[in-house]
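> Before anything else, here's the structure in question.
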Amino acid sequence: MLATLRGWLAVVAVMAFGNTLQCFRNHDFLAERLYTGTPELVNGLQARLFGMWTLLAAVVRLYCALDITNKSLYYITMSSFVLALGHFLLETFVYQTAALDIGVITPIIVSGVSLVLMVVGLWYLEPAGSDQRYQDRDVDTKLLLEQEMLRARKKRT
């Protein structure tokens with residue numbers, strides 16, 4: 001499952017790199033494909049900002065694909081999909097700046113499917129008993145504390 005998820009994340013990251021290039025190359029791309037509800041609101045600054053946001057998401061997702069077992073990175077990547085899904089749903093149904101067409105449906109589906117896959121991937125991310133190293137560290141810490149307490153008692157007597 002994790003191998004499949006890694007591949008999926010890599011493909012999604014590559015698609016995001018492509019979208020980033022489109023945002024920097026031609027800001028009309030957003031008005032024509034994404035924010036078709038109010039295309040007059042799209043300008044160069046907004047397109048570049050969206051491009052940087054997409055680039056950041058692409059980098060995070062690519063790093064997660066490369067290091068899928070890094071839990072912090074895994075949760076950050078999941079958060080990027082939550083933010084993307086929330087953004088497109090809000091722009092479509094609340095702010096009505098994006099019409100429900102292929103340009104919006106695609107990122108909603110991709111972020112939704114990615115989020116579901118990552119939630120399922122959590123079951124495979126950490127097999128039972130893999131937190132043993134943390135338990136061992138806790139035992140070592142307790143042992144050191146007990147030894148220090150014994151030394152302190154010996155000094156008092």
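> Just to be sure I understand, how many residues within the range 1-60 are of a type in the set (Lys, Arg) and closer than 27 Å to Val120 by Cβ?
Residues of the range 1-60 of a type in the set (Lys, Arg): 6, 25, 33, 48.
Subset that is closer than 27 Å to Val120 by Cβ: 6.
Residues flagged as of a type in the set (Lys, Arg) and closer than 27 Å to Val120 by Cβ within the range 1-60 amount to 1.
> Any idea how many residues of the range 22-32 are of a type outside the set (Phe, Trp, Tyr), in a helix (DSSP H, G or I) and in contact with a Lys or Arg (Cβ under 9 Å, 6 or more places away or on another chain)?
So in the range 22-32, the residues of a type outside the set (Phe, Trp, Tyr) come out as 22-23, 25-28, 30-32.
Subsequent filtering for residues that are in a helix (DSSP H, G or I) retains 22-23, 25, 28, 30-32.
After this cut, where a residue has to be in contact with a Lys or Arg (Cβ under 9 Å, 6 or more places away or on another chain) as well, the list is 22-23.
Residues flagged as of a type outside the set (Phe, Trp, Tyr), in a helix (DSSP H, G or I) and in contact with a Lys or Arg (Cβ under 9 Å, 6 or more places away or on another chain) within the range 22-32 amount to 2.
> Looking at Gln22, Gln46, which is the one that is among the polar types (S, T, N, Q), touching a Phe, Trp or Tyr at 6+ places or on another chain (Cβ under 7 Å) and closer than 19 Å to Gly103 by Cβ?
On the way: Gln46 fails: touching a Phe, Trp or Tyr at 6+ places or on another chain (Cβ under 7 Å).
Criteria check complete, one pass: Gln22.
Matching residues to (1) more than 15 Å from Trp8 (Cα to Cα); (2) modelled with pLDDT of 95 or more:
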| site | (1), (2) |
| --- | --- |
| Gly44 | yes, no |
| Phe88 | yes, yes |
| Val113 | no, yes |
| Pro127 | yes, no |
| Gln132 | yes, no |
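Table: residues versus (1) surrounded by fewer than 13 Cβ atoms within 10 Å (Cβ to Cβ); (2) in a helix (DSSP H, G or I); (3) of a type outside the set (Val, Ile, Thr); (4) out of contact with any helix residue (DSSP H, G or I) (no Cβ under 8 Å at 6 or more places or on another chain).
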position: Ala13; (1), (2), (3), (4): no, yes, yes, no
position: Phe17; (1), (2), (3), (4): no, yes, yes, no
position: Thr20; (1), (2), (3), (4): no, yes, no, no
position: Leu49; (1), (2), (3), (4): yes, yes, yes, yes
position: Trp53; (1), (2), (3), (4): no, yes, yes, yes
position: Leu62; (1), (2), (3), (4): no, yes, yes, no
position: Ile68; (1), (2), (3), (4): no, no, no, no
position: Ser72; (1), (2), (3), (4): yes, yes, yes, yes
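> Name the residue, out of Thr106, Thr38, Thr92, that is in contact with a Leu (Cβ under 6 Å, 6 or more places away or on another chain) and more than 16 Å from Ala10 (Cβ to Cβ).
On the way: Thr106 fails: in contact with a Leu (Cβ under 6 Å, 6 or more places away or on another chain); Thr38 fails: in contact with a Leu (Cβ under 6 Å, 6 or more places away or on another chain).
Of Thr106, Thr38, Thr92, the one residue that is in contact with a Leu (Cβ under 6 Å, 6 or more places away or on another chain) and more than 16 Å from Ala10 (Cβ to Cβ) is Thr92.
> For the structure I just gave you, tell me whether Thr4 is more than 17 Å from Thr106 (Cα to Cα), among the polar types (S, T, N, Q) and part of a helix (DSSP H, G or I).
Details: more than 17 Å from Thr106 (Cα to Cα): yes; among the polar types (S, T, N, Q): yes; part of a helix (DSSP H, G or I): yes.
So Thr4 passes the test.
> Still on this structure, please answer the following. Within the range 33-43, is even one residue of a type in the set (S, T, N, Q), assigned to a helix (DSSP H, G or I), within 19 Å of Asp101 (Cβ to Cβ) and touching a helix residue (DSSP H, G or I) at 6+ places or on another chain (Cβ under 9 Å)? First the steps, then the outcome.
Here is the first cut: in the range 33-43, the ones of a type in the set (S, T, N, Q) are 36, 38, 43.
Going one step further and asking which of them are assigned to a helix (DSSP H, G or I), we end up with none.
No, the range 33-43 has no match at all.
> Could you tell me whether Gly103 is touching a residue at least 60 places away in the same chain (Cβ under 8 Å), part of a helix (DSSP H, G or I) and surrounded by 13 or more Cβ atoms within 10 Å (Cβ to Cβ)?
In short, yes.
> Further, regarding this structure: Mind checking whether some residue in the range 70-81 is modelled with pLDDT of 95 or more, in the same structural domain as Tyr35 (by TED's automatic domain parsing) and touching a Phe, Trp or Tyr at 6+ places or on another chain (Cβ under 7 Å)?
The answer is yes; a qualifying residue exists.
The values are calculated or read from the model by the stated rules, or taken from the named source; none is laboratory data. As the structure is a prediction and not an experimental result, all values here were calculated from the model. Neighbour counts run over all protein chains shown; Cβ positions are idealised from the backbone, glycine included.
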